[in-house]
1. Give me the orientation-averaged projected area of the Cα convex hull of the chain, in nm², one decimal.
2. Using a simple spin-label model with points 7 Å from Cα along the Cα→Cβ vector, what separation in nm is obtained for residue 460 and residue 97?
3. Which order, highest average first, do 224-230, 571-577 follow once you tally other Cβ atoms within 10 Å for each residue and take the mean per peptide?
4. Counting helices only, and only those DSSP H runs with n ≥ 4, report the 222 nm mean residue ellipticity of the chain as the sum of -39,500 (n - 2.57) divided by its residues, in deg cm²/dmol to the nearest 500.
5. Leaving out ligands, DNA and RNA, what percent of the accessible area of segment 558-649 is carbon and sulfur, probe 1.4 Å?
6. Give the long-range amide H neighbours of residue 124: residues separated by 5 or more places, or on another chain, with amide H under 5 Å away, using H modelled in the peptide plane at 1.01 Å from N.
7. Tell me which residues come under 5 Å, amide H to amide H, from residue 362 once H is placed; ignore anything under 5 positions away on its chain.
8. Holding the Cα-Cα limit at 20 Å, pick out from 199/482; 623/647; 101/218 the pairs that are longer than that.
Amino acid sequence: MSANGDSAPTTVPGATKPIDIQVRVPTHERLMSIDKGMAPSSPTLPSPTIRRNKSDGKLMAQDIKEARVRVIYTGGTIGMMRNERNVLAPIPNALVRSIRKYPNIHDEEYALRRFGASASMAPLVLPFVQGMDRRVLYQVTEYTPLLDSSNMTMHDWARIANDIQQSYEFFDGFVVLHGTDTLSYTASALSFMLENLGKTVIITGSQIPIFETRTDGKDNFTSALIIAGNYVIPEVCIFFGHKLMRGNRTVKVSSNSLDAFDSPNVPPLARIGIDVNVDYRLIFRPCSIERFCVHLNLDENVGLLRIFPSISLSTFRAFLAPPIRGVVLQSFGSGNIPSNRRDLIEELQAAADRGVIIINCTQCPNGSVAEIYDTGKVLCDLGVIPGYDMTPEAALSKLAYVIGKEEWSLDVKKQMMQSNLRGELTSVTAPKMEDYDLVDAVARSLHLSSPQELDQLGATLFPAMINGAVAEGDLKKINNLKAYGADLSGTNHDQRTALHLACQLGNVEIVKYLLHNGVSVHVRDRYDRTPLLEAVSTDSHEIIQLLINCGAHLTGSSRAVGEQLCAAAARGSLTRLKSYQYAGADLSQPDPSGRTVLHVAALHGFPEVVEYVLPYFESASEKDLLGLSALNYAERGGHAALVDLLKAAGCEA
Ligand SMILES: NC(=O)C[C@H](N)C(=O)O
């Protein structure tokens, strides 16, 4: 089956429409429409300084650095209560209602000041978190029905992926609340379905309902919100038990411990103690210049076949019979099966000849399949694909994803199954890098030696060294620094990455190199500037195009973009207007006084600007807040040729 048909429609058949709790709420609409999904762009006061509007005392959006997180609540213990049969089941509408009452999850006072009297209906706000840059505003979308994750199917994965896609540009990060039983399957599947992901997606849940006094739900939920709102970790992650893990590396290891998940073959991406410690070197970043998109077509004809001693031929044969198209063979130890069972081997051979893709994964929670024994070599000879150290959950969902790629041939599908697509497998032993050679030398001279000191030194030195190389346009040096272990995505004290600088300097080659090495287009610096804004500010059209192809988009309120457009029009800068246009701006966007580029270019007498922008206006007669049209401005500016031009375009006074 295909999870939602052959093409990529916007709705998922069989899935009910999500109830978006906030959509019915006027204040929420205000949040969405004022900013059109863009975060505040003006320079900000350091958190948590809050300025208030003198007239009504409300918080002024532009004064506070905020991040938006969409929460997709699918069900799970986190929102469950005991029912009449005294067992846990999800309760509709209960989670958001109770969250609003928890002062450590929702800052009612901030919401009131920020959104006004109807704050009970406004977006939720995470209280100020010491050491974090941004206030997290979050919007909860509750699914109907809420599900125990044991009841979830591939349709539900497609529904979540689809919802993330629909709102991708409007949020800085995503949190999915989910039951723990099948959470690793969903996380693995989403990691493949969300292609060229540039933003943080965190799936979490709990072992004890959030309504109970002693719960892991509050901690997991708030930590997930904090990370999703403050860090760009472009992966599908699981947050559980104080650890952020790569989703497709996780397995549920306990049905009752609060440390329910483990990532046996890859260390956590971040550990949450008193501080949040992200290991940036572990982050798997998309390294192609392509936009975010989702692949919703999954093939359900896949399965997990766990070998056991004396497995019968009939069981084995029944499992491999059509319509099966992909099988994860869970073998013993380092990838071994009973090689003295000719009957099983012949069945495997017949299935492989029919085009069934068979992946060999180990039953051991830890370690990888490898050609060490005769009992394992037999599978390679049959054309069974090594799954290396993939978890069964990752291998199964990857099969469903890869087989669902109808544009790929069988050979390509097999190739993809053994390739590392999202950090889900380790195919070869990583070459020993000359990690920290350089930092080592400095460390020796400073008599530093502990791993923490070395890490700290690297984090301080590398961004400066990389930026130096970017400024010199020295690609070779950047490459060398990478080989020394430098994190190309590192930020300096202004929270700027090397990509910010390369865009500002207009160096196309370095921009390409950094994008191919996974540096995120979404990082906002201390002043809320993105690499895209840097490229716009220097009119680097080729770079703008590259960033857009990578999924970059303008941030900041649309009114602020209107202001910038008008400023460019006042200078007659067609180039800058084109820069904004290529970056996705709407050229007819007014500034806060209702003035557009048309008004401003008419006033200052720039006919080439007027001619260029006219086609982007539905009506050339739009008036600003003073009631003046572009024609009025051209007349007052004394530009006779422009008056004629505007009249010919149907512009009225
Ligand atoms: N802790 C949990 O969330 C378990 C629950 N049965 C679920 O998967 O929905």
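1. Numbers: hull surface 135.7 nm².
Here the figure is 33.9 nm², rounded to one decimal.
2. 5.4 nm
3. 224-230, 571-577
4. Details: 24 runs with 238 residues, N = 653.
Per the formula, -10500 deg cm²/dmol.
5. Details: 2050 of 4110 Å².
Carbon and sulfur together cover 50 percent of it.
6. So residue 124 has HN proximity to 138, 140.
7. 331, 369
8. Numbers: 199/482 23 Å; 623/647 15 Å; 101/218 12 Å.
In this structure, 199/482 exceed 20 Å between Cα atoms.
The values are calculated or read from the model by the stated rules, or taken from the named source; none is laboratory data. Predicted model, so just to flag it, every value in this text is computed and none were measured. We place every Cβ from the backbone using ideal geometry, glycine too, and count neighbours over all the protein chains shown. Ligands, DNA and RNA are excluded from the accessible area calculation, which covers all protein heavy atoms including side chains. Shrake-Rupley method; radii C 1.70, N 1.55, O 1.52, S 1.80 Å.
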